[in-house]
Structure formats: C-alpha cells, structure tokens
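Here the structure is laid out as structure tokens; the discussion comes afterwards.
The values are calculated or read from the model by the stated rules, or taken from the named source; none is laboratory data. It should be emphasised that the depicted structure is a prediction, and the values quoted were computed from it without experimental measurement. We place every Cβ from the backbone using ideal geometry, glycine too, and count neighbours over all the protein chains shown. Keep in mind that these areas ignore ligands, DNA and RNA; they rest on the heavy atoms of the full protein, side chains included. Shrake-Rupley method; radii C 1.70, N 1.55, O 1.52, S 1.80 Å.
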Amino acid sequence: MSAADAPGCGHSLPARIALVMGVSLFVFALTLGAAMVFMARALDREGAESATRLVEAALDTLLARSREVTLDYAKWAEAVRAVSRHDTDWLYSNMGSAAAAGTVAHLVLLWGGGLPRDLGWIDGSPPAGLSGLLGREALTLAERRLEPGSRGAESFFLWRGSDLFALAVAVVEPPDRPDALPDERKARLLLGRRVNQEEIVRMAGATLLEGLRLHRRPPSRGAYAALPGPDGRPVAFLGWESVNPGTALLRRMLPGLLPVTLLAGLLAAAGVRAARRGASELLAAERRARTAALTDPLTGLPNRAAFGAAMARPARAGERAVLFLDVDGFKRINDSLGHGAGDRVLQALADRLAALAGPDCLLARMGGDEFVFVVAGPDAEMRADWLARGVEQALGRPLEVDGHSLRVRAALGLAVQHQDGRAGDDLVRRADLAMYAAKRRGADRPAAPAVLTAEAPRERAALERALRAGLDRPEEWRVLYQPVLRLGDGTLAHAEALARWTSTELGPVGPERFIPAAEEAGLIAAIEHRILGMVCDDLAAFPGLSASINRSARALLSLDPAADLAAALTARGLPPSRLAVEVPGRLADADPALLAERLEALRRAGLAVILDDFGADRCSAIDLAALPLAGLKLDRRLVAGLGTVPGTAPLLDALLRLGGALGLPVCAKGVEAQAELALVQDLGCALAQGWLIGRPLPAADCARSWLARSAAVA
C-alpha cells in the first residue's frame, strides 16, 4: 500500500509548487496592478490641480492688466478735470479712442460724478461716445464692488451680447487729493479688454493646455474654471481637455506588463522608474507654474502674491522692516515716451534696486510703479535705513532708456515691526501710509506714519538737533499768510500767519511734526519769538495788512505773552490792533484763573484773542462767557463734515448761535469747496478761511492780491 501511495505523493508536490507560484504570481501581479492604478490616479489628480492653478493664474493676470490700466486712467488728474468739465473731446482723445481703436482697451465707460449720462466707447464708437453700452443693473453691480473710500480697482468678467469682457472698475479722483470730494460725487470708470479667441489662444500657449475654450455653462466633459461676474457669481466657464498624465502613463506600460509573467518584476521596476520620471516632470511643471504665479512677468521680481506670503509669516520685534517705494510722475513717462518705454524704465529701475537687496532682503514689485523691500533679521531697522539711503543714491543717477536720460524720483515709506509674533498686515499698512505721507510732502526720504506711531527716539533726537541748529539760521524760517474773508462784503478781515521750516539737514518739515517736537524739547517759546519778529516785520512793510498769530498752550500758560507781543509791536511802531492772537481750544481745560489772567493781559495790551478749534474741545458756554475773547474759529472737521456726516449742519448751526449769543464773530476754517462755502454762508457764519478762499502766500503776494481786492470792493 505504501508503494501504491508513493506515486500519488510524488505527483502532488509539483501541483503544490505550481499553486504556490501561481498564487504568488497572482498576488504579485494584483499588488503591482493596484499600485500602478493608485499612482496613475494620484498623478491624474495632481495634473488636474496643476492645470487648474495654471488657468486661474492666467485669468488673474488678465484681470490684473485691466486693473492696472483702469487705475492708470482713473487716478489721472487731467482725466478728473475733463470729467468735471464734461469735456467729451478730451475724454475721447485720451481714453475713448483706445477702445474705439481696440489698442489698450476694448471698452471704456464713465458714469456718475456729475456726468449727465453714462458715456462709453467700444469698437467703432463715434467720438461723442455712446450711452447704454451696459445696462443700469450691470453698472450698479460694478459700483457695489467698490468699498466706500476705496482707492484701488475691482475686477470681474461680464458679457455684452456675445462678447465676454475682463473689466475693472475704479473711482475717478485726483491722486494727490483723493478726499477732496465725497465718493458719491465722483465719477466711476469701467475699462477692460474683450476675452476673444486671440486671448484664449495666448492663454492656451501659456498654460500648455489643449481644447481651451469659453462656455456660458459648465461643460459636461473635461475640466473648467469659473469666471466671476460683478456679483461674484460665475458668468462664464473656461474649459479644457482633462489632463491625465497617470492614465496615459499606465496605458503606455500595459503592453509590457501582459505578455510574460516571468518579466513582471522587471516591468514593475521599469514602471516605477517611468512613474518617478512622470512625477518629476509634473512636479517640475508645477514648480514652474508656482514660480510664474509668484513672479512679476515684466521685471522678473517677486510679485504681490510672493510679498504677501513673506509677510504672512510672524516675526519678532525689531526683526522685520518694510520699505515701500512709489515712483513719482511715472504716468508722465508713459504719456510722453509710450508704455513700451515706461516698461523699460521699470525694468531698469528693478535691476538697479535688485542690486541693493542683500541676504534676508526681499524686493517685490507690487504692481504699477510700486516696489517694496522686506528686510529681516535682528538688525532690520538699521539695514532698512541704510537701504533707504542706498535707494536715494541709486535714484540720483539717471536711467538711460531708448536714448533718453531720465531722472526718477520716488516717495519712500518705512515701518519697523515693534511687537513679537505679529503677522505683517499692520506693518504693511503703516509703511503704505508713511509712503503716501512722503508723497504728499514731496520727499524722497522715508516718512514715518506719525498718526499711527511715535517717531523712534533716534529720529526725535535728530529732529531736536535740527531745531536747535535752525534757531541760529534765520534763512531756514519763513512765514506764509492765509486770508480770512468777511463773508458779508468779501473783504479781507486779516490773514493767519503760518510758520514754515526748511531744515538744512532734514529738508522741509511740516508744522505737525516740528511744533510737537519743539514743545517737548522746550524750544517752542524761542521759535514763537522768532516767528513773531518776522510777522511784525511784514506788518511794518505792508501797512494795510493785519494778521493773527498762533500761540501754543505751553508758552501761553508758562510765560507772559502780552509783554513779548507788546514789545515786538512797539519796537516797530505798530498799533496792537494790527495783530490778533489765536489760542488753542484745549486751553479751556487749563486752570481757569491762570487762563483768564493770561487772556486778560492780552486784552489790556490791546490784542484781540481768538479761540481756535471751537467745537472740538470740551468748553462750556459759561467758561466761554468768562473769557475775554474777540472771536471764535471752528474746528476744520466740522466744515469738512457738511453734506457727508449726518448731524453736522445742526451742530454747526448751534455753535454759530452760541457765538452770536456771546457776541463773538465765528470763522469757518477749512473751506475747500464751493458747496461748503454756500452752506456756512446760509448758516450765518461771519468769516471763512480755507483753500477755496485763498492758499497761504508770502506777505508781499498776500498784500498785493487781497488788499487791492478789498480796496476795490470798498
């Protein structure tokens, strides 16, 4: 029996081996197949996500171009004046013709701001423009995109008939005085380009995607990206053929896997190598796309997105600084030499600035003519200051572009992080405000935003040193005179004397900076004494001119102002009636007895006393009645709030009635618009002062202009 069983046992072993080998091969093949399918699907997902990012970056670039061009025109001072004059010829020549010819834009549309109708141009439009290019609902949605007080532009897509446009909307306002008018009195500019087949082909070439085309509804096949409209909802869809690098790779590998099981291991290794190669290519494409999304295409510098990513990372106190740079007058270069030359100026400027950026320093282009440095490290503040000096020196050398030698100036704004663990949003905001403060005062040294933070001790010390040195340099000081007008007959009541200081070391320094510094350093009395002498000299030179002079609270309460003023007038043979004294409204919180004593001394000396900033500080009617005042001057914020801040007019009316009850004439300060002048006249204000009445002038110009005018009225 054992002999009979032996052959059976011998035949079962090969079967078992074959079974084990078969099962092993099957498990190996199944595992290999599952791994390949998993990798193919992962690669397909990565390919789809990468394609979507590329398309979204291309659409963002298209909208960014519309925003840049729209801001270029909307913040053009000449355009603002043309809109206010309803100058259709100018608007067509400088804006509408671009849409009619299809060069910079394909559609330009203006509305609001006093325009009698919406005015637009498109291909083939007449110079006089067309009304109703877009419906009222579309214009309303576009206007809602703008936040109140917005200075930028908002972009979106919109259909007009069968054409899709990439549009941007912005408020038309002067760049140097954007707050001169309320938003509801400013025009809106809508500008953009047609998303035509040529643009689709360009995006297809940039993204390397096939089948890229525009749809009004989500396509049933392939991938797509939504194009947002003015209300944020999709108005169109950009579709393309699905990118499946993993599936394509698997199809190429299958013929090699099926023929022979014995070669499965080798084919699997080859497949892994091919997968790695495909993954590497995909990652390289993604890196290129990410680099493109974070790089400014014109200058090759990091763009706004890269800057935002850098500022999102927290930093320790003193270890990060931001230096903003905005080129002055860049629009004039574009207008005179063309946008191509303007682009080359930006490229040359970027190269020059990039040479200044060392380790731990990021230079980015924020768009348009704005650049920003981000300096990191324990000595960030010192390096940022040296960097600002390097920028000054770099801009001191002319740029050679297209045979033209161009000198470029820029406004700089510097902010340093002073708290641990903070992200950069607040730092960016402070540097941006500082830059615009520098732009307003015409300086290319970095400004510190005094409204947000005090100057650094080093800066305060430098300002104090310059003030002390300036007291020995009479040529650094001058006085300008701003007229105060009688609204009853339009004659000159007097002129307010305003001190101006141009330091040899620091350049022009505004009174909002040097007066607080002088008070803190104990120099305000010496400065006021110098200004008093200059004012009295001017009054002696122009007999028909009367003036008011400001006295600080510290000098008024700590010294005997009446004796100083009387001595200066007597030395020049001037009667005290030629000079009035303006005292700050916050003096009402001082010691009542001391305040009354000081003001009474001024009155006995024959000097009229005017309370400044009336309505801004706490002061009761009883306190006012007890003071020997000759007039009241309203806080400028009350006039600025007329027509825009609810309740301002009744408050102003109550203050004027209080002044009338006290027998004191009231002056409206800060009148800058005709509507404001009409309102204060209707409310019964006796006097007015502001840029609408007259800007500060040297004594000779003020006397020549206003004394002759008052004589003519008389």
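I'm spelling it out carefully: the read-out is Kirkwood radius over Cα pairs in Å, the candidates are (1) 31.4; (2) 28.9; (3) 26.7, and one was derived from this structure. Which label? The listed entry that was calculated here is (1).
Amide H contacts for Glu672 (H built 1.01 Å from N in the peptide plane; partners 5 or more residues away or on another chain; cut-off under 5 Å): Leu692.
Computed with a 1.4 Å probe on the full set of protein chains, the accessible area for Ile122 sits at about 20 Å². Taking amide H atoms as placed 1.01 Å from N in the peptide plane, the amide H of Leu212 lies under 5 Å from those of Glu241, each 5 or more residues away in sequence or on another chain. The separation of the range 378-398 from the range 200-233, counted between C-alpha centres, amounts to 45 Å. Couplings 3J(HN,Hα) for the range 330-340, derived from phi with the Karplus relation 6.51 cos²θ - 1.76 cosθ + 1.60 (θ = phi - 60°), are 5, 5, 5, 5, 4, 5, 8, 10, x, 5, x Hz, where x marks Gly and Pro.
Arg429 to Ala626: extension gain in nm, 0.36 nm per residue of separation minus the Cα-Cα distance?
Details: separation 197, 0.36 × 197 = 70.92 nm, distance 4.57 nm.
Result for the pair: 66.4 nm of gain on full extension.
Given a 1.4 Å probe and heavy atoms of the protein chains only, how would you sort Thr570, Thr140, Thr291, largest accessible area at the top? Numbers along the way, then the final one.
Numbers: Thr570 105, Thr140 45, Thr291 85 Å².
I get Thr570, Thr291, Thr140, largest accessible area first.
Per the helix-only calculation at 222 nm, which mean residue ellipticity applies to the chain, given -39500 (n - 2.57) for every DSSP H run of n ≥ 4 and division by its residues, nearest 500 deg cm²/dmol?
The helix contribution divided over the chain gives -15000 deg cm²/dmol.
Once the Cα atoms are used to define both axes, helix 561-571 deviates from the longest principal axis of the chain by about 60 degrees.
Separation of the alpha carbons by more than 32 angstrom is noted, of Lys186/Lys669; Lys331/Lys669; Lys186/Lys331, for Lys331/Lys669.
Accessible surface ranking for Glu143, Glu528, 1.4 angstrom probe, highest first: Glu143, Glu528.
What net charge do the residues around Glu476 carry, taking every other residue with its C-beta under 11 Å from that of Glu476, with Lys and Arg at +1 and Asp and Glu at -1? Mind dumping the intermediate values first?
Values: positive: Arg473, Arg478, Arg500, Arg530; negative: Asp472, Glu475, Glu505.
My count for the surroundings of Glu476 gives +1.
Residues in the chain average 49 Å² of solvent-accessible surface per residue, probe 1.4 Å, ligands and nucleic acids excluded. Within a straight-line Cα-Cα reach of under 12 Å, Lys75 can be paired with the following aspartates and glutamates, leaving aside sequence neighbours fewer than 8 residues apart in one chain: Glu173, Asp176.
Within the accessible surface of the chain, defined with a 1.4 Å probe on protein heavy atoms only, the carbon and sulfur portion equals 57 percent.
A simple rule links phi to the HN-Hα coupling: the Karplus curve 6.51 cos²θ - 1.76 cosθ + 1.60 with θ = phi - 60°, which for the range 395-403 gives 6, x, 8, x, 8, 9, 9, 6, x Hz, with x for Gly and Pro. For Trp501, nonlocal amide neighbours, meaning residues 5 or more places apart or on other chains whose placed amide H falls under 5 Å from its own, are Val509.
Determine the percent antiparallel among the DSSP beta bridges restricted to the chain, to the nearest 5.
Values: 75 of 94 bridges.
If I count the DSSP bridges inside the chain, around 80 percent turn out antiparallel.
Taking Cα atoms only, the orientation of helix 264-293 departs from the longest principal axis of the chain by about 20 degrees. Axis of helix 197-207 versus longest Cα principal axis of the chain: the two differ by about 70°, to the nearest ten degrees.
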